[in-house]
Amino acid sequence: MSLFTPYELGPLTLPNRLVMAPMTRNRAGADGVPGVSMATYYAQRATAGLIVAEATTPNAVGATYPHIPGIHDEAQVAGWRRVTGAVGHGRMFLQLQHGGRIGHPETSGLVPLAPSPVPLPVPLVTPGGEKPAVTPREMTAADIRSTVDDFATAARNAVAAGFAGVEVHAANGYLLHQFLAGNTNRRGDRYGGPAAHRIRAVVETVEAVAAAVGPERVGLRVSPGNTVNGIVEGDTDDIYAALVDALAGAGLAYLHVVFADPDQPTFQYLRKHWAGTLVANPALPWPGPLPADGGAAAGERLLAAGADLVALGRAFAANPDLVARLRTGAPLNPVRAEYLQYVRTDTGYTDYSSL
């Protein structure tokens, strides 16, 4: 088995095991509508076995940064339909991400919602530049139910837009990860306290999305132990053991583990206890430079340790033809990091060279 071995992912036949990881690129319109450049960008990278398109908000209050896409109105659905049509092959999932406390009134026009009123400890980029984070409003039980419903509706919209499925984002410090982590979830109700309660919002969201579009169309992304965006889980092993146990029989398309290290006990536990497809995103230097192979060797190590698919991000961003380059041993384009985010041009986006 190698990165270039085909794989059957539910009803999808993937020609290789390389997944284009979801990456926020801030190239949508101010209204969250994907434009022509986004269609070009994804079509250029269509040789990936699977594309997981970038973090996309299921409702207005969940918006994180300027110019991220949404999937909660007709114009956004039409914009994404343009993207999936340009890619053409149907092997695309859309990542659904609610920002929680990672949001700002200058971006969304709304006060952000979160499990508890604990502000992000660092500034946020807004349309007017970097601004201090605001204290989010603690979600009521009705807010949680409404948000779960919005995820389910967003999943139906994604399928209507031509996606094969959706990835529920419960990683990297965004809303669902905020429910999992002890320092951002200080609730005393059924959604807070011990790990068995803190996983409830994630489980309810995944179950609602699966009921809306079918579990074979649903992936879940997690980042155990990740401290990005001010997250401190506190009891990582308990959280992910409970989460995997709760969803083990749900029949999901995959579990996507971020910053996966085959030598870490948490990764080994997840692989042992998750019977379905495991997508692993290798732990690579960040924000430092990528290895010369873009993470291919780390990906092969993950496959040897039991991963089924390998998700690479920056390597795909800089190399539209990454699969061909890795297959033939051709050198990779360097990443132009200054153009990864918050740039409203096609420079460093659709202008990378192919072989």
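All of the numbers you see were taken from the coordinates with simple rules; none came from a lab. All figures in this text were calculated on a predicted structure; none of them were measured in a lab. So basically every Cβ, Gly included, is an ideal-geometry build from the backbone, and we count neighbours across all protein chains shown.
Mind listing the long-range amide H neighbours of Arg27? Cut-off is under 5 Å, sequence gap 5 or more, other chains count too, H placed in the peptide plane at 1.01 Å from N.
Under 5 Å from the amide H of Arg27 lies no amide H from a residue far enough along the sequence or on another chain.
Please list, in order along region 240-257, the HN-Hα scalar couplings obtained from phi with the Karplus expression 6.51 cos²θ - 1.76 cosθ + 1.60 (θ = phi - 60°), rounded to whole Hz, x for Gly and Pro.
Coupling constants for region 240-257: 7, 5, 5, 5, 5, 4, 5, 10, 4, x, 7, x, 5, 5, 6, 10, 10, 9 Hz.
Where the Cα atoms of region 31-90 are projected onto their three principal axes, how long is each span, largest first, in whole Å?
Answer, in whole Å and largest first: 34, 18, 17 Å.
Whole Å is fine, so just give me how far the alpha carbon centre of region 121-159 lies from that of region 228-247.
20
Output the peptides 169-181, 27-39 sorted from most to least packed, where packing is the average of other Cβ atoms within 10 Å over each peptide's residues.
Packing proxy ranking, top to bottom: 169-181, 27-39.
Have a look at Val87, Val232, Gly193 and report the one farthest towards the positive end of the charge dipole of region 7-339, computed about the Cα centre with Cβ charges (Lys/Arg +1, Asp/Glu -1).
Val87
How large is ³J(HN,Hα) for each residue in region 67-78, as worked out from phi by the Karplus curve 6.51 cos²θ - 1.76 cosθ + 1.60 (θ = phi - 60°), to whole Hz, x for Gly and Pro?
6, 8, x, x, 9, 10, 9, 5, 5, 5, 4, 5
On a full-extension model of 0.36 nm per residue, what is the gain between Thr227 and Thr347, subtracting their alpha-carbon distance, rounded to one decimal in nm?
Details: separation 120, 0.36 × 120 = 43.20 nm, distance 3.07 nm.
Result: 40.1 nm gained on full extension.
Considering only Val203, Phe163, Ala60, whose Cα is most displaced toward the positive end of the charge dipole of region 7-339, charges sitting on Cβ of Lys, Arg (+1) and Asp, Glu (-1)?
It is Phe163, whose Cα lies furthest towards the positive end.
Which FRET efficiency, nearest 0.05, do Ser354 and Ala60 yield, Cβ-Cβ r, R0 41 Å?
0.65
Using the Cα centre as the reference, give the magnitude of the dipole from point charges on the C-beta atoms of region 258-355 (Lys, Arg: +1; Asp, Glu: -1; all else neutral), rounded to the nearest 20 debye.
Charge dipole of region 258-355: 120 debye, to the nearest 20.
Amide H to amide H under 5 Å from Leu96: which residues, 5+ apart in sequence or cross-chain, H placed 1.01 Å off N in plane?
Thr56, Glu167, Val168, His169
Would you report the distance distribution of C-alpha pairs in region 220-355 as whole percents per 5 angstrom bin, up to the bin with the largest distance?
2, 9, 18, 18, 17, 14, 11, 7, 3, 0
Kindly work out what percent of the DSSP beta bridges joining two residues of the chain are antiparallel, to the nearest 5. All intermediate terms of the calculation are to be shown ahead of the outcome.
Values: 6 of 37 bridges.
Here the share of antiparallel DSSP bridges comes out near 15 percent.
Place a +1 charge on the Cβ of each Lys and Arg in the chain and a -1 charge on the Cβ of each Asp and Glu, then give the dipole magnitude about the Cα centre in debye, rounded to the nearest 20.
340
Sum -39500 (n - 2.57) across every DSSP H segment of at least 4 residues in the chain, then divide by the residue count to get the 222 nm mean residue ellipticity, nearest 500.
Rounded to the nearest 500, it is -9000 deg cm²/dmol.
Rounded to the nearest 0.05, what FRET efficiency do Thr126 and Met1 give with R0 = 41 Å and r taken as the Cβ-Cβ distance? Could you check?
Computed FRET efficiency for Thr126 and Met1 comes out at 0.35.
Quick query: amide H of Ala280 versus all other amide H atoms, modeled in the peptide plane; which residues come in under 5 Å with a sequence gap of 5 or more or a different chain?
Placed amide hydrogens put Val257, Asp308, Leu309, Val310, Ala311 under 5 Å from Ala280.
Using a Förster radius of 35 Å, what is the FRET efficiency between Asp189 and Ala86 based on their Cβ-Cβ separation? Nearest 0.05, please.
The pair Asp189/Ala86 has a calculated efficiency of 0.20.
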